[in-house]
1. Between T299 and K357, what FRET efficiency comes out of the Förster formula 1/(1 + (r/R0)^6) with R0 = 22 Å and r the beta carbon distance, rounded to 0.05?
2. For the stretch 227-379, what is the relative contact order in percent, using Cα pairs closer than 8 Å and at least 6 residues apart in sequence?
3. Does the stretch 398-499 classify as rounded, prolate or oblate by the C-alpha gyration tensor (a ≥ b ≥ c root eigenvalues; a/c under 1.5 gives rounded; else a/b over b/c gives prolate, otherwise oblate)?
4. In a shell of Cβ-Cβ distance under 11 Å around S155, excluding S155 itself, what net charge do Lys and Arg (+1) and Asp and Glu (-1) give?
5. Residue separation times 0.36 nm, minus the C-alpha to C-alpha distance between S141 and S378: what's the value?
6. Give the shape of the stretch 273-419 as rounded, prolate or oblate, defined through the alpha-carbon gyration tensor: a ≥ b ≥ c are the square roots of its eigenvalues, a/c under 1.5 means rounded, and otherwise the shape is prolate if a/b is larger than b/c and oblate if not.
7. Test of understanding: what is the full-extension gain from A346 to H104, defined as 0.36 nm times their sequence separation minus their Cα-Cα distance?
8. Of the heavy-atom accessible surface of the chain (probe 1.4 angstrom), what whole percent is carbon and sulfur?
Amino acid sequence: MEILTTTEMERADLLTISSGSSGFALMLAAGRAVANAANDLIEEGPILVVAGAGNNGGDGLIAATELLAKGREVSVILLGERDALKGDAALAAREWKGPVFPFHPQAIRTPALIVDALFGAGLNRPVKGDAQAVIEAINQSGAPVLSIDLPSGISGNSGAIMGVAIRARETVTFFRRKPGHLLLPGRLNCGRVRVVDIGIDDEVLQEIHPATFENCPEWWQAVFPVPRIDGHKYGRGHAVIVSGGLGASGAARLAGRGALRAGAGLVTLASPRDALAVNAAALTAIMLRTIDTPAEFATLLTDRRLNACVVGPGAGVGHRTRELVHAALGAGCSSVLDADALTSFADAPDRLFEAIKSAGNSQVVLTPHEGEFPRLFSDMSNKNPLRSKLERVRVAAERSGAVVLLKGPDTVVASPDGRATIAANAPPWLATAGAGDVLSGFIAGLLAQRVPTFEATCIAVWLHGEAGSEAGPGLIAEDLPEVLPAVFRRLYDEFGIEY
């Protein structure tokens with residue numbers, strides 16, 4: 001579940017080597033794993049290995065040797081001269097007894113399988129020249145591709161396409177996934193990702209101290225809130241959702257329903273007087289309070305039993321929403337700031353960050369999508385391919401003093417302390433109006449149950465993705481809370497929890 005940057009993976013290799021292994025032993029293990037994957041993927045027919053000049057190419061040459069020994073028809077093309085290879089890659093070249101053909105697009109043709117061993121995860125510059133032409137020829141060949149470590153042309157740290165990139169059917173990587181396996185667009189090029197053991201002991205992680213994780217139950221299950229048989233609703237917290245006015249109250253109701261389904265014992269909608277009737281007509285289990293002004297909201301939150309809140313969905317952009325945010329932060333309750341609560345600070349984001357830090361409230365979550373993110377963090381563009389989504393969210397969390405959730409099919413959550421997760425379970429039909437409001441409610445429902453802020457946000461993101469898959473195509477936002485019980489049942493079965 002740990003995700004390693006390319007630098008951290010290099011360190012894992014070095015720590016393994018320093019403990020008595022050798023780089024070539026790791027390469028042998030990697031090459032053999034690739035050969036096994038190739039055999040699994042395509043059982044017969046010619047295989048072409050396209051090798052680069054570095055260790056990724058060495059892995060490919062070992063794979064070619066192993067496949068030949070298994071009786072497969074194998075050919076190799078190499079970027080550069082065979083005699084120019086160095087280190088472990090040169091040793092791998094000695095193992096390969098067959099010919100090495102010129103590196104040229106016309107050499108690709110249409111084999112049964114292409115093994116992509118060009119660049120791997122460490123690429124940090126755009127692909128040009130002969131390599132670009134060969135990658136384009138591979139993609140146009142129609143042959144299935146098995147990539148080693150990461151499809152060539154994908155940045156291992158950002159998932160960006162560095163000019164042009166292989167579109168693989170399957171990718172074999174070693175020890176742990178890299179960010180580029182989970183971040184878009186790189187994830188789309190990887191196909192199925194197979195993580196294999198090549199002899200690196202998990203103990204090296206104690207030296208590396210990775211701070212990035214795949215968002216999955218194995219990571220946060222220890223703090224997942226399981227209701228106790230002797231518990232009661234008051235012990236599961238009370239979430240407050242701020243409603244918009246008469247024409248914009250639906251978003252808050254979606255958030256409220258999400259909070260209740262996520263496990264909050266009680267949920268109250270703080271509604272302006274003009275929206276009270278429409279909210280009352282649409283709600284049953286969720287309570288209502290008439291709140292017209294930020295001062296009234298601040299007074300409501302003096303009741304310490306109200307321990308989590310959502311401000312922003314349908315709230316409107318402007319002074320009133322800013323004051324509602326200040327009231328929430330001043331009250332010290334766990335706060336989810338979404339939608340209009342974020343945009344209301346677009347002209348002075350530092351005021352929001354100062355308010356978060358001066359309140360001494362570490363239980364704040366900001367939930368922007370890509371359109372809202374630059375309104376608060378204008379200097380962190382998503383247009384620079386070398387600046388990953390992961391890096392941007394980490395910087396945003398440190399700067400703001402809040403947990404930051406940047407939505408998308410590769411949602412990233414980061415904490416001010418540097419920890420971060422990447423989610424890969426969001427189906428495409430989650431891109432629908434109101435889905436983000438339900439997500440804010442899920443977070444608030446978990447915060448109400450006193451789950452730590454970072455973990456609560458990560459759990460909510462995972463539940464949101466699983467609920468989207470449970471509802472399936474045709475999903476609308478109202479479906480998400482309704483299918484959450486089925487997601488919980490599957491989760492409880494995985495944990496072995498009786499229900």
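1. 0.35
2. Values: 285 pairs, mean separation 31.0, N = 153.
Relative contact order comes out at 20 percent.
3. Judged from the Cα gyration tensor, the stretch 398-499 comes out oblate (a/c at least 1.5, b/c at or above a/b).
4. Net charge around S155: +3.
5. Values: separation 237, 0.36 × 237 = 85.32 nm, distance 4.17 nm.
Net length gain for the segment: 81.2 nm.
6. Because a/c hits 1.5 or more and a/b exceeds b/c, the stretch 273-419 counts as prolate.
7. 82.0 nm
8. With neighbouring chains kept in place, the figure for the chain is 50 percent.
The values are calculated or read from the model by the stated rules, or taken from the named source; none is laboratory data. Just so it is clear, the structure is predicted and the values come from calculations on it, not from any experiment. Reconstructed Cβ throughout: ideal geometry from the backbone, glycine too, with neighbour counts over all protein chains shown. Surface areas here come from the heavy atoms of the whole protein model, side chains and all, with no ligands, DNA or RNA. Shrake-Rupley method; radii C 1.70, N 1.55, O 1.52, S 1.80 Å.
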